[in-house]
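Here is the structure we will look at.
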Amino acid sequence: MRSASSSLAEGTTEMKNIQIISDKNLRSLRIKKSLLNILKKAKPKKLNAIIVIGGDGFMLQTLKKNKKSKKLFYGVNSGNYGFLMNKFSSKNFIKNFIRSKTLSISPLEMTVKNYKNNTKKHIAINEVSILRQSRQAASLSINHGSKQIIKELVSDGVLVSTPAGSTAYNLSVHGPILSLNSKKLSISPISPFRPRRWKGKIVSDRSKIVIKNLNPKKRPISAVADNIEVRNAKNIIIKTNQKIKFNLLYDQNRSLQKKIKIEQLRRETS
């Protein structure tokens, strides 16, 4: 394997068939330096892979920037929890990397029209969050295709979550944890005021979910795709973009499926 070439961009290094993208924090840079030394000595058979060093947020950012890439993404955690990432072990890295399994996921696509009728589109791997933008609670209607889910929800907002994101913000608002093979999306209210006891709904991942702001002047809302915000949203359409596939690599003993099952068990025993 040839030595690392010149940096393609800040935090990015390319070796033969393997690209390394790292966050800028000190821990990420230390792991990157260690990985470069490991990869120079070994010749891993996993081809066309991007190794992403950072936390979940950095992985989400990297995936979105490379949404047209057909490469495999192997995350190395240098953050806190690292739900989308793998634990770094300098001793076992090559073995874990070679034996890692591929998981393909598709993101949500959020189409937002604001009060000026300008339209913006963004993708979300974890969730789309509809949030009140002022001290006034949001007033929303939610449709699932041609069927009305709820005529008026007065709340701090609502989340539409993928299975991959169901253990993130969705779990914090007491939404359901979805299995990766469930082919479902979760719609979960955030601090519902009226109807107070509405717990949300689980729908097919083929659904088109339409959320309308019933009072945009008095009760403005924001629509957030993972961490990208569109303010003063009037109408939001959310659906799974089946044309985009992110191919993630996970160590055999720490797959995303296993991580989700662990969170399900924690919820059941808590």
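The values are calculated or read from the model by the stated rules, or taken from the named source; none is laboratory data. Model, not experiment: these values are computed from the prediction. Note that each Cβ is placed from the backbone with ideal geometry, even for glycine, and that neighbours are counted across all protein chains shown.
Output the strands (runs of 3 or more DSSP E) that fall wholly within segment 224-270 and possess 3 or more residues being crowded, with 16+ Cβ neighbours inside 10 Å, at negative phi and of a type outside the set (Asp, Glu), or say none. Talk me through it step by step, then tell me what you get.
Values: elements: 228-230, 233-240, 246-250.
In segment 224-270, the matching strands (runs of 3 or more DSSP E) lie at 233-240, 246-250.
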Suppose we filter SER188, SER161 for residues that are closer than 25 Å to LYS70 by Cα, in contact with a strand residue (DSSP E or B) (Cβ under 7 Å, 6 or more places away or on another chain) and either touching a residue at least 24 places away in the same chain (Cβ under 8 Å) or crowded, with 16+ Cβ neighbours inside 10 Å (or both); which single one remains?
SER161
Scope segment 115-124; condition touching a strand residue (DSSP E or B) at 6+ places or on another chain (Cβ under 6 Å) and either loosely packed, with under 14 Cβ neighbours inside 10 Å or in a strand (DSSP E or B) (or both); matching residues:
THR119, LYS120, LYS121, HIS122, ILE123, ALA124
Per the filter on segment 193-220, residues within 21 Å of the chain's Cα centre (by Cα), surrounded by 21 or more Cβ atoms within 10 Å (Cβ to Cβ) and of a type outside the set (Gly, Ala, Ser) are ILE209, ILE211
Name every residue in segment 247-266 that is in contact with a helix residue (DSSP H, G or I) (Cβ under 8 Å, 6 or more places away or on another chain) and either assigned by TED's automatic domain parsing to the domain that holds GLN133 or aliphatic (A, V, I, L, M) (or both), in order of residue number.
LEU248, LEU249
Considering segment 139-153 alone, what residues qualify as being over 30 Å from PHE83 (Cα atoms) and either crowded, with 21+ Cβ neighbours inside 10 Å or modelled with pLDDT under 95 (or both)?
LEU140, GLY145, SER146, LYS147, LEU153
Per the list (1) part of a strand (DSSP E or B); (2) under 25 Å from LYS24 (Cβ atoms), residue check on LEU131 breaks on (2)
Selection count where residues are under 19 Å from LEU103 (Cβ atoms), small (Gly, Ala, Ser) and assigned to a loop (DSSP other than H, G, I, E, B), scope segment 157-193
6
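Which fully enclosed strands (runs of 3 or more DSSP E) of segment 1-114 have 2 or more residues being modelled with pLDDT of 95 or more?
Details: elements: 12-15, 18-22, 49-54, 72-77, 101-105, 108-114.
Those strands (runs of 3 or more DSSP E) span 18-22, 49-54, 72-77, 108-114.
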Based on this model, can you work out whether ILE211 counts as farther than 23 Å from ILE123 by Cα, in a strand (DSSP E or B) and at pLDDT 95 or above?
no
